[in-house]
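What follows is one structure encoded as structure tokens, with my remarks underneath.
Every number in this text was worked out from the coordinates using simple rules, so none of it is lab data. Owing to the predicted nature of the structure, the values given are computational and were not obtained by experimental measurement. Positions of Cβ are backbone-derived with ideal geometry, glycine not excepted, and every protein chain shown enters the neighbour counts.
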Amino acid sequence: MTEGSARAEGSVARAETAPPLPDDSELRPGRIGVGLHAADEQVLPVQVRRATRRRGWLVARMLVLADLTALLTAFVAAETFFGGRTDLGAVQPELELLVFLASLPGWVIVAKVYGLYDRDDERMDHSTADELTGVFHLVTVGAWLFYAFSWFTGLVQLDFEKLLGFWAMAVVLVAAARAFARLAARRSLWYLQNAVIVGAGDVGQLIGRKILRHPEYGLNVVGFVDGRPKERHEDLRHLTLLGPPERLAEIVRTYDVERVIVAFSNATHVETLELVRAVKDLDVQIDIVPRLFEVVGSSVGIHTVEGIPLVGMPPLRLSNGSRILKRALDLTLSGLAFLLLAPFLVVVAIAIKLDSPGPVFFRQVRRGGAEGLFRIYKFRTMTVDADERKEEVAHLNAHAAPGGDPRMFKIQQDPRVTRVGAIARRYSIDELPQLINVLLGQMSLVGPRPLILDEDQYVETWGRRRLDLKPGMTGLWQVLGRSEIPFGEMVKLDYIYVTSWSLWSDIRLLVRTVPAIFRAGSGLA
């Protein structure tokens, strides 16, 4: 029996003992769902089944296998390339390998201490990019502990050159192996988590839309839990209203829920507090949307005053030292990227020139940092008369329909796009000439979205803080969905990025950009 059929069969077995659920006729679009009622005659036992953490079980084991494989590969490679440099290393490779194999359980323990096997079950958007620091610490600490153990016991004597080679290869191989392990895990049905959103108001529906936009999160949103819900947005009509919060325990049991997301609802503070305390007994993951979430970024810290947690927000400014670090990162990486990609850029330029008449580059005025203006460089992806034909295709604008955002202009199948341009847009190849803007100091590798002037006029008051930093080739807007993100949310993301900037956040966003581009290219983002 396959794992998919086994899980499906288990779900059927659970459904047979569950209370009757509303059928589709009771949940027609435009009607508030009936869900589970407090007046239902069937009462479930107080003791609710503990949910099985399938995702955590699956990913943790695959990550352990990835770590062991990568570490062993790095050790054998170091032995191969550096083992013959000294007479001592040349005569005892078998003993060194046996000692290293015996140390592997210790590596797993150190990784567990760093929390490298727990985050995937806790965080829906966790990726290998988020744990690069942990992987670096794991390999560094593990390598020195192994070196110290070898020196202290005298069983083997590793030379420093071999140790350094092992360390460098292990950092790269462990990170790469973990990325492939997660990619494989996400293809399994066991990775999928059933989730419910407590609160069907504006915030709860916003969370629902964001999750549906990202299938890579591996969440199956079963529906909303709310006693007094708002009318659901058109793109959320298929999500069932399951019932009031007081029936949450039954809903968790019935629908095999593994994650409960508590968004704002009409419940009082005391009722919400009691709900969260009750859900903690169900062994499910609980995610709570904080108040003032619009200004809470990843750099906030939590400290306590006599048991009361306080969310500390850093000052809304960037020091001169931080700006120098950011500029140094831009110059180093953009210069290196430009040199490595130069042959590829020439090939793209030739393809554009042969595909359609007109210049290779497209230049356009954009709003830059500190309210300045600059001309952005991009590969031309449209016909040379694209601007003159804008009114002609205005009726195709996806945001021209009711419910659209008049501040944005987006055509899914734009007839003005050339054949080469379609490929370049699909994989963001047209953005690569912006490396010139980065080298000139007009842009950054990571930053707010560079807006055209027609869009910039709609950014007001606090949103102008996004211009405290130079616009970027990539950023939160690209990693999280690019054109799928509404204009207002894009401004909020830029505000959070600027007001909570850190060098590590830039590095993490750069690492996450590559898979985001390929997801977009395959139609997943």
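For the pair Gln364 and Phe136, the difference between a 0.36 nm per residue extended length and the Cα-Cα distance amounts to 78.0 nm. The amide H of Gly243, built 1.01 Å from its N in the peptide plane, has Leu36, Asp226 as neighbours under 5 Å, considering only residues 5 or more places off or on other chains.
Close amide H pairs (under 5 Å, H built 1.01 Å from N) link Gln364 with Ile376, residues at least 5 positions away or on another chain.
You can think of it this way: the chain between Leu336 and Arg389 has 15.3 nm of extra reach, that is 0.36 nm per residue less the Cα-Cα gap.
When you restrict to C-alpha pairs under 8 Å that are six or more residues apart and normalise by the size of the range 160-284, the relative contact order lands at 28 percent.
Only lysine pairs 8 or more places apart, or on different chains, with alpha-carbon atoms under 23 angstrom apart are counted in the range 320-521, and they number 11. Taking 7 Å steps out from each Cα toward its Cβ at Leu503 and Glu94 produces label points 4.8 nm apart. What you get for the range 320-521, charging only the Cβ of Lys and Arg (+1) and of Asp and Glu (-1), is a dipole of about 520 debye around the Cα centre.
Legend: Rg and Dmax of the range 54-185, from Cα coordinates, 15.3, 50 Å.
Give me the Kirkwood hydrodynamic radius of the range 415-525 in Å, from all C-alpha pairs, to one decimal place?
So the Kirkwood estimate lands at 14.6 Å.
In a simple Cβ point-charge model (Lys, Arg +1; Asp, Glu -1; nothing else charged), the range 162-320 has a dipole of about 740 debye relative to its Cα centre. The range 322-359 and the range 275-290 have their alpha-carbon centroids 47 Å apart.
What length, rounded to one decimal in nm, is gained on full extension from Val514 through to Asp125, with 0.36 nm per residue of separation minus their alpha-carbon distance?
Working: separation 389, 0.36 × 389 = 140.04 nm, distance 1.55 nm.
Contour length minus Cα-Cα distance gives 138.5 nm.
Between Met313 and Gln413, the simple label model (points 7 Å from Cα in the Cβ direction) yields a spacing of 4.5 nm. What lysines does Lys162 reach when the alpha-carbon gap must be under 28 Å and sequence neighbours fewer than 8 apart in one chain are set aside? Partners within reach: Lys112.
Using the Cβ-Cβ distance between Leu189 and Lys280 with R0 set to 41 Å, the FRET efficiency from 1/(1 + (r/R0)^6) comes to roughly 0.95. Computed from Cα atoms alone, the Kirkwood hydrodynamic radius reported for the range 320-521 is 17.7 Å. Expressed as a whole percent, how much of the Cα-Cα distance distribution for the range 198-343 exceeds 25 Å? Summing the P(r) of the range 198-343 above 25 Å gives 47 percent of all pairs.
Under 18 Å from a point 7 Å along the Cα-to-Cβ line of Leu354: which residues of the range 404-424 have their amide N that close? Residues 418-424 qualify, since their backbone N sits under 18 Å from the label point. In loop segments of the range 171-276 as defined by DSSP, the GluC sites (Glu not before Pro) with at most 15 further C-beta atoms inside 10 Å of their C-beta are Glu231.
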